[in-house]
Amino acid sequence: MHKDQGKTGAVKGCFTKRHVYVMGCTTLLCFSVGYFWNTSNDIWLDTPTQVSNTMSNHILEDLLQIELPRRCDVLVMTPWFAPIVWEGTYNAEILNEQFRQRNVTVGLTVFAIKKYVIFLKKFLETAETYFMVGHRVNYYIFTDRPEEVPKVELKEGRNVVVLQVQNYPRWQEISMRRMEMINYFSQQQFINEVSYLVCVDVDMRFNDQVGVEILSNLFGTLHPGFYGAERQSFTYERRPASQAYVPRDEGDFYYAGGFFGGTVMEVYKLTKKCHEAIMVDKANGIEAIWQEESHLNKYFVYHKPTKILSPEYLWDDNLGRREILKKRRFLAVPKNHAAIRNK
Ligand SMILES: *[C@@H]1O[C@H](CO)[C@@H](O)[C@H](O)[C@H]1NC(C)=O
C-alpha cells in the first residue's frame, strides 16, 4: 500500500455508480443460480434463468449454508463464478474444520527492506491475533537487515523464517524485485514447507480475522480505491510498449499489488510471468506505471483468479468510505512516504 498517492482521484467517482452495481449484482446472482440449476439438471442454457433476487439469495444460502448480506450492493460472484469474499459470504466454522483436517500450513510473505523493518513488530503482533488463527503459519520475512527483525512471541505451530536478500537503491526496483524473490524461494523452499502462499505489504496491520476463507488456487484482492469503479478508470498500464499493457476493452477489476496468493505452484507461475515481464520492460527502458501491481493486473486479465477478496482484506481509510464495510481486516499504517522509502 505504498503506492496509493495519485490513485485517490478515482475514488470519488465510484459511488455514483451504485445503481449499476446493484443491477450487476442482481444479474450475477440470477446467472449463478441459473448455473447451479443447469449443472444439477445437466442441461446447458444460453441465457440466465430469470429468478428474483430474493429467491436466488435463498438458494445460494441453502447451497452454501450461509446467510448472505440482506443489502445487495456488494458483488459476491464474478462472471466466471469465482466467489468474492465479504463478511457474511462464507461459513468460517465449516471452513476452519476442513482446513484443520487437512493440517494445512500457510506461508505469509512480507518484505521489510531498509527502514521498512520498523513495520514488522506491529505487523507480526497483529498477525498473531488475527491471521489464520488455529492454523499452522510460516512467516517468511525477506529483509536486508536480519538483525533488526523483532522477536515476537508466537503461538504453537507458527514460525518466523528470515530470508536475507539484497536491497536496491530505488524503491520502485525493491518493489518490483519482490516477484523475483518470491518466485525463487517458491521453488527452493516454499514448495517443501507450505501449501498456500499469501503475499502482502508490510506497512500494514491486521485489525480483524483473516482466515482460511481467503485460500484458493489463485486469489487477488480488489483495490480499495477502485472496487466499485468502472473499467475506464482502472489505472492499468496503457502504453502498448510495456509488457503490462492492458487494452481499454479488457480487464475485470483493478487488483491491489499488496495482497495476492494461492497454492505455491500458482504463485510460482504468477511471479515467474510477472518477473519475466518486468525484465523485458527493463531491457526496453520502460517501467510500468504502478510497477509490479501493473504486471499483476495484466496477469489476472488472462489468468482469472479462482477467488477474489473484497477490500475488507486491504483497506485504507484514505481511499474509501469505511461505512460500506462490515469489517476492516487489514489496514494501511499511515507513514511518511519520502522519509521511509529510500532509507
Ligand atoms: C501437521 O503438519 C506438521 C508439519 O507439516 C507436522 O509436523 C505435524 O505432525 C502434522 N500434524 C498432524 C496431526 O498430522
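Values quoted throughout were computed directly from the atomic coordinates according to the rules given, and no laboratory measurement underlies them. Just so it is clear, the structure is predicted and the values come from calculations on it, not from any experiment. A quick note on method: Cβ atoms are made from the backbone with ideal geometry, for glycine too, and the neighbour counts reach across all protein chains shown.
From the phi angles alone, apply the Karplus equation (6.51, -1.76, 1.60; θ = phi - 60°) to segment 123-135 and give each ³J(HN,Hα) in whole Hz, x where the residue is Gly or Pro.
For segment 123-135, the Karplus curve yields 4, 5, 4, 6, 5, 5, 7, 10, 8, 6, 4, x, 10 Hz.
Which loop-located GluC sites (Glu not before Pro) does segment 136-212 contain, where loop means any DSSP state but H, G, I, E or B and the Cβ has at most 12 other Cβ atoms within 10 Å?
Here the sparse-neighbourhood loop sites are E153, E156.
I'd like the Karplus ³J(HN,Hα) series for segment 249-258: coefficients 6.51, -1.76, 1.60, θ = phi - 60°, whole numbers in Hz, and an x wherever there's a Gly or Pro.
Going residue by residue, I get 9, 10, x, 9, 9, 9, 9, 7, x, x Hz, with x marking Gly and Pro.
How far apart, in nanometres, would the label points at N336 and R100 be if each is projected 7 angstrom from Cα along the Cα-to-Cβ direction?
Result for the modelled spin labels: 4.7 nm.
At 7 Å along Cα-to-Cβ for each site, give me the label-to-label distance between Q172 and E93 in nm.
It is 5.2 nm.
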